Amino acid sequence: MRDRVPVVVQGGGRRGRRAGLAGVLWASAELIVTVGVVVLLLVVHQVWWTNRQAMAAAHEQVQALERAWGGAGPDPGPPSQAPAGGGPGPGVPSQAPAGRVPDAAATGTTAGPAERQDREGGDGSQDRAYAVLRIPRLGLVVPVSQGVDKRAVLDKGYAGQYPGTAGPGERGNFALAGHRNTHGEPFRHIDRLRAGDELIVDLRGRRYTYVVGKILSQTTERDTGVIAPVPRSVVKPDQGYSEPGAYITLTTCTPEYSSKYRLVVWGTLRAA
């Protein structure tokens with residue numbers, strides 16, 4: 001009887017390699033899930049939490065201003081909220097058109113020392129709210145501060161006044177920037193404004209009412225003509241005004257989720 005040759009099964013190595021590969025895949029999947037959760041939490045913080053914080057802080061600032069004014073202004077109402085019906089979700093923080101226009105003094109403004117002190121926060125600083133912008137059509141109530149610095153002004157949920165532009169009620173262009181998405185997003189729905197809508201600015205017991213006249217739905221970030229003393233687009237010269245007056249300009253990003261272009265709303269001061 002012949003001796004049988006032993007058979008050696010060589011499968012252990014393959015099983016070990018498969019087990020090792022499965023372990024790597026499992027670890028990779030866990031890492032991907034963990035990264036996804038972290039990213040999701042960051043998005044929630046940026047989109048929701050910073051929004052709520054900025055809205056609440058802006059509302060408190062409005063109340064503080066009106067207390068300082070001795071109750072001169074009407075009740076500020078709720079913080080910045082979207083009108084019924086909702087809208088697109090939050091996107092990229094807004095960046096209004098870049099550039100500096102000539103100082104408002106060159107346009108014949110007549111603000112006195114007290115009003116200039118109000119606009120500068122009382123001690124020369126330019127990162128404090130000094131006025132309140134109200135847009136009845138949107139249910140919007142937002143504080144206005146000097147400057148368009150993101151951290152010092154816009155990320156607080158404020159509307160920021162471009163340096164060198166006219167003050168509320170002055171001859172020239174009272175030009176403002178505001179976030180469209182995140183950080184309070186006060187200008188999120190200004191695309192819903194229509195000709196004839198009111199833009200109300202309160203400043204220490206004084207009220208200036210502007211009326212929306214024209215809307216530039218899209219222009220470039222370099223179109224500084226939109227915030228000039230006589231606002232007129234340099235990209236689309238047929239858009240804007242040609243005569244001196246008392247204007248208001250609201251600027252923000254467009255489309256939502258992007259900072260590629262700028263949306264502009266213009267209004268003129270209603271005669272007292």
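The values are calculated or read from the model by the stated rules, or taken from the named source; none is laboratory data. These figures come from a predicted structure and were not determined experimentally. With ideal geometry, Cβ positions are generated from the backbone for all residues, glycine too; neighbour counts draw on all protein chains shown.
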For residue 231, which of the numbered conditions (1) at pLDDT 95 or above; (2) more than 14 Å from residue 175 (Cα to Cα) fails to hold? (2)
Condition first: without any contact (Cβ under 8 Å) to a residue 60 or more places away in the chain, of a type in the set (Ser, Thr, Tyr) and not in a loop (DSSP other than H, G, I, E, B). Now tell me which residues in the stretch 191-240 satisfy that. 217
By residue number, the members of the stretch 124-146 that are surrounded by fewer than 18 Cβ atoms within 10 Å (Cβ to Cβ), at pLDDT 95 or above and among the charged types (D, E, K, R) are 137
Give just the number: which of (1) in contact with a Pro (Cβ under 8 Å, 6 or more places away or on another chain); (2) surrounded by 16 or more Cβ atoms within 10 Å (Cβ to Cβ) does residue 257 not satisfy? (2)
Neighbours by Cβ (under 7 Å, 6+ apart or cross-chain): first from the stretch 241-261, part of a loop (DSSP other than H, G, I, E, B); second surrounded by fewer than 18 Cβ atoms within 10 Å (Cβ to Cβ) and at pLDDT below 95: 256/88; 257/92; 258/92; 259/92
Can you pull out every residue in the stretch 150-191 that is of a type in the set (D, E, K, R) and closer than 15 Å to residue 265 by Cβ? 180, 188, 191
Over the stretch 163-192, the set of residues touching a helix residue (DSSP H, G or I) at 6+ places or on another chain (Cβ under 9 Å) and surrounded by fewer than 20 Cβ atoms within 10 Å (Cβ to Cβ) is 164, 171, 192
Go through 202, 197, 149, 155 for me and flag whichever is of a type outside the set (Lys, Arg), touching a His at 6+ places or on another chain (Cβ under 9 Å) and at pLDDT 85 or above. 155
Residues satisfying the stated conditions in the stretch 234-244, i.e. closer than 23 Å to residue 198 by Cα and either at pLDDT below 95 or loosely packed, with under 15 Cβ neighbours inside 10 Å (or both): 242, 243, 244
Being under 18 Å from the mean Cα position of the chain (by Cα) and of a type in the set (S, T, N, Q) is the filter here, so list the residues in the stretch 168-211 that pass it. 181, 182
Across (1) under 17 Å from residue 159 (Cβ atoms); (2) aromatic (Phe, Trp, Tyr); (3) surrounded by fewer than 20 Cβ atoms within 10 Å (Cβ to Cβ), residue 247 clears everything bar (3)
